[in-house]
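Undergrad: Let me give you the structure first, and then I'll get to my questions.
Bear in mind these aren't lab numbers, they're just calculated from the coordinates by the rules spelled out. Just so it is clear, the model here is predicted, and its values are computed rather than measured. Ideal geometry is used to build each Cβ from the backbone, glycine not excepted, and the neighbour counts take in all protein chains shown.
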Amino acid sequence: MVRILFVFVALALLILSATCSAATLDVVVTGLKSDRGDVHIALFNQAAGFPYHDAIFREEKVSITDGKAHLQFVDLTVGTYGAAVYHDENENHDFDQGLFGIPLEDYGFSNNAPVFFGPPSFDRANFQVSEPTNKIIIDISK
């Protein structure tokens with residue numbers, strides 16, 4: 001009987017610890033020039049490959065209302081993340097670039113990390129998800 005009780009307590013603690021480690025991340029994108037199109041939000045959970053498509057951990061597209069976009073990522077583990085966003089105003093689902101890779105659409109990164117002749121490093125853009133509920137704001141106004 002004691003052994004069965006021990007197994008149930010251990011199982012309950014395991015379930016509780018898994019539930020407690022799940023976190024949410026609210027991403028708010030501000031500074032959008034129009035409500036046309038949508039905003040693509042990419043979340044990265046490692047430095048390798050940031051901020052390129054092949055390294056995306058999770059990605060969603062969201063609509064725009066009053067110059068803002070909002071998305072909530074759920075069931076994240078506590079850790080270090082980075083985010084990259086772009087305003088896909090023409091809704092072609094591509095980050096449009098011109099000559100020499102110059103962006104033709106508005107974009108931004110977590111921590112509002114600055115861009116100098118290329119995207120910022122993960123070190124400049126990363127942030128911690130450490131609470132049950134976390135929030136970042138990315139301002140893409142230029």
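Undergrad: For the stretch 98-115, take each phi angle, set θ = phi - 60°, evaluate the Karplus expression 6.51 cos²θ - 1.76 cosθ + 1.60, and give the result in whole Hz per residue in order, putting x for glycine and proline.
TA: With the stated coefficients, the stretch 98-115 comes to x, 4, 6, x, 6, x, 9, 10, 5, 8, x, 9, 4, 6, 6, 4, x, 10 Hz.
Undergrad: Once fully extended, how much extra length lies between ASP54 and ALA22, figured as 0.36 nm per residue of separation less the alpha-carbon to alpha-carbon distance? Write down the numbers at each step before the final one.
TA: Details: separation 32, 0.36 × 32 = 11.52 nm, distance 2.46 nm.
Between ASP54 and ALA22, full extension yields an extra 9.1 nm.
Undergrad: What length, rounded to one decimal in nm, is gained on full extension from LEU104 through to ARG124, with 0.36 nm per residue of separation minus their alpha-carbon distance? Intermediate values should be presented prior to the final figure.
TA: Details: separation 20, 0.36 × 20 = 7.20 nm, distance 2.29 nm.
Between LEU104 and ARG124, full extension yields an extra 4.9 nm.
Undergrad: Want the number for LYS61 to ASP35: 0.36 nm per residue separation, take away the alpha-carbon distance, what's left?
TA: Details: separation 26, 0.36 × 26 = 9.36 nm, distance 1.34 nm.
Full-extension gain reported as 8.0 nm.
Undergrad: May I pose another question? Between PHE117 and GLN46, what is the FRET efficiency for a Förster distance of 25 Å, r being their Cβ-Cβ separation, to the nearest 0.05?
TA: Values: r = 23 Å, r/R0 = 0.93.
Step by step, r from the Cβ atoms, then E = 0.60.
Undergrad: Consider a paramagnetic label point 7 Å from the Cα of HIS70 along Cα→Cβ; state which residues of the stretch 22-45 have an amide N under 16 Å from it.
TA: So the set is 24-32, 39.
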